[in-house]
């Protein structure tokens, strides 16, 4: 049982364990993504686009949990790199859709090595990684219920 003083120690905070682990995980992704010419946030956006090419900016932001102030510069950099193009929706010009370019679609083949590389960096069996991901999703869902 922790006493009150122990509850306020940094190393006993779940939030810090998640925060520092997130930084370590992002750092582990860096060399794998460097080969693709992507940053971690760009990789996440590309994952969504490889699943659903032509999503709206709004849907992409919701999926990634990013606001437009963060998402817009990210998309501009992907567009400048020739990986995506932004187009007004022909049926609703208020909506902007993000489409993969030929180069963006082709990049998917090279990205296949990333999950394996991260799995190796974690040093955990696949079953444990899946269980950990599920636990984190449950935690996020509980926190978002407000």
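Spatially, segment 1-54 and segment 96-146 are offset by 11 Å when compared through their Cα centroids. Angle of helix 40-51 to the longest C-alpha principal axis of the chain, folded into 0 to 90 degrees and rounded to 10: 60°. The equivalent ellipsoid of the chain has semi-axes of 33, 20, 14 Å, largest first, where each one is the square root of 5 times an eigenvalue of the Cα gyration tensor. Pairs of Cα atoms in segment 29-108 fall into 10 Å distance bins, from 0 up to the last occupied one, in shares of 19, 56, 22, 2, 0 percent. In plain terms, the chain from residue 137 to residue 62 could stretch by 25.4 nm, reckoned as 0.36 nm per residue minus the Cα-Cα distance.
Taking 0.36 nm per residue of sequence separation and removing the Cα-Cα distance, the residue 26/residue 2 pair yields an extension gain of 5.5 nm.
Helix content alone sets the calculated 222 nm mean residue ellipticity of the chain: runs of n ≥ 4 DSSP H residues at -39500 (n - 2.57) each, divided across all residues, give -20500 deg cm²/dmol. Length gained on full extension, residue 106 to residue 79: 8.2 nm, using 0.36 nm per residue less the C-alpha separation. Each peptide among 109-117, 88-96 gets the average number of other Cβ atoms lying within 10 Å of its residues, and from highest to lowest they stand as 109-117, 88-96. Taking label positions 7 Å along the Cα-Cβ direction at both residue 130 and residue 89, the computed distance is 3.5 nm, reported to one decimal.
Bear in mind these aren't lab numbers, they're just calculated from the coordinates by the rules spelled out. Since the structure is predicted, the reported quantities are computational estimates derived from the model, not experimental observations. Here the Cβ is made from the backbone with ideal geometry for all residues, glycine too, and neighbour counts use every protein chain on show.
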